[in-house]
1. Would you confirm, using the coordinates I've provided, whether M239 is touching a Pro at 6+ places or on another chain (Cβ under 6 Å) and at negative phi?
2. If you take just the strands (runs of 3 or more DSSP E) that sit entirely in the stretch 282-370, which of them hold at least 3 residues that are basic (K, R)?
3. Which of the numbered conditions does T110 fail, given that it passes all the others? Conditions: (1) in a strand (DSSP E or B); (2) modelled with pLDDT under 85; (3) surrounded by 16 or more Cβ atoms within 10 Å (Cβ to Cβ).
4. Can you name the number of the only condition in (1) surrounded by 13 or more Cβ atoms within 10 Å (Cβ to Cβ); (2) closer than 29 Å to I75 by Cβ that P117 fails?
5. Pairs under 9 Å by beta carbon, first residue at pLDDT below 75 in the stretch 6-25, partner open to solvent by 70 Å² or more (accessible area, probe 1.4 Å), six or more apart or different chains?
6. Condition test on N152, is it under 19 Å from the mean Cα position of the chain (by Cα) and free of Cβ contacts under 8 Å to residues at least 40 places away in the same chain?
7. Those residues that are open to solvent by 40 Å² or more (accessible area, probe 1.4 Å), assigned to a strand (DSSP E or B) and in contact with a Ser or Thr (Cβ under 9 Å, 6 or more places away or on another chain), I need them from the stretch 26-81; list them, please.
8. Residue by residue through the stretch 212-252, note down the ones that are crowded, with 17+ Cβ neighbours inside 10 Å, in contact with a Lys or Arg (Cβ under 9 Å, 6 or more places away or on another chain) and polar (S, T, N, Q).
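The values are calculated or read from the model by the stated rules, or taken from the named source; none is laboratory data. Quick caveat: nothing in here was measured; it's all calculated off a predicted structure. No Cβ is skipped: glycine too gets one built from the backbone with ideal geometry, and neighbour counts run over all protein chains shown. Quick note on the areas: whole protein, heavy atoms, side chains included, nothing else; ligands and nucleic acids left out. Shrake-Rupley method; radii C 1.70, N 1.55, O 1.52, S 1.80 Å.
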Amino acid sequence: MVPVPLAVPDLSEDDLKSIFETVISKSPDGIITVNMDGVIVFSNPAADRMYGYPSLKGKNVDDLVPEPMREDLHIKMEEYRVAGRHELSGRVLETVSLRADGTEFPVEMTINPAETPAGRYITSIIRDISSRKEMEEELKSREEQFRDLFENATDMIQAVNPEGRFVYVNRAWKETLGYTDRDLEELTLFDVIHPDKLDECRELFRRVMSGEKIPTVETAFITSDGEKIFVEGNVNVRMKNGEVEYSRSIFRDVTERMKFQRELERLAAIVESSGDAIVSYDLEGNIMDWNRGAEMVYGYSADEVKGKNISILMSEEEFEKLRGLISEVKSGGLVSNFEAKRRRKDGEEIWVSISLSPIRDFNGEIIGVSTIARDITEMKRTREALEASEEKYRKIVEKFIQNALALISEINR
């Protein structure tokens, strides 16, 4: 059954007048009416409070307008007086008003011209927007601060919409990759991903856009001139009405770090594969590093010797010599091709040629010694044998010469 609408009784003019008077008097917005001479013929309590007068009635509207704006006010009033129309009629505009104490404040107002049997009037509804303007200025200031922070950050910051188009990139992003604002109008995220990482990044982008949180991302970009840039960072998304609006990322260029890491790995591989014994120890002689070559030369595994003192490889006499060399290294010197005796795990005594160099910390302080030792035992044996052979033949030659001289002397008698 369709409900029968209730009859709405008509209000009498007195009722309507009472309602309007109540609304106007209680309104938080200021309401004033001026005649064609610019005299205020009506003001509500809110307007009186807003402008700081006991009552605005009877005052000229010029008193509420800063002096530089009064001429324009007079022109518009005259246009309305002559033509019966006002160009700002019905529009909401922002302007500046003047309080009784001479201070200016921002207002939002509507202009409502009206013709009555008594003449033409303009009624304005005025709202003090000082608090709103302060909030807007505060927001604007914060926005400028954040924009300045983003623009001057050394990290690369980007925002990308679900289609892969760039919404925002900061200065560091553009300077690192070499793309211009015009380039960005045509590029998508996948145009700046290095081909080696493209498939991986497409999958990551899909996961991010589905709302998944990925705390750390390692990938590579390609610069405008084709260079590969390694980056790491984090990615998250901004949601709006339950949908992903865009992803936002902060990346750090780690290209130099990656190059340094690869160089360390290369050097570590060289050290590990070297046939020479490469050993490092602190200034007290406690072993820190021990490569595979050291295992072959000395017979100990790295696990057996790390943390132990280097003195396990030598006699007390040899250790005293080493202490002297460590003192030289502590002074910043280098020791090259020093021949010394060392003792293997199985007790065999061997000869090694050792070079020592200092190990420094990040502050440049010497904290240890790096040594490279080559087993020269066979070379020493060969050299000793050669020296012994040379001595033998020297004696034979000397004996031969002595016999020859004796024979010559005998013949000459």
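1. no
2. In the stretch 282-370, the matching strands (runs of 3 or more DSSP E) lie at 335-343.
3. With (1) in a strand (DSSP E or B); (2) modelled with pLDDT under 85; (3) surrounded by 16 or more Cβ atoms within 10 Å (Cβ to Cβ) applied to T110, the lone miss is (2).
4. (1)
5. Pairs found: L11/I19.
6. When the stated conditions are applied, N152 passes them.
7. V41, F42, listed by residue number.
8. T219, S247
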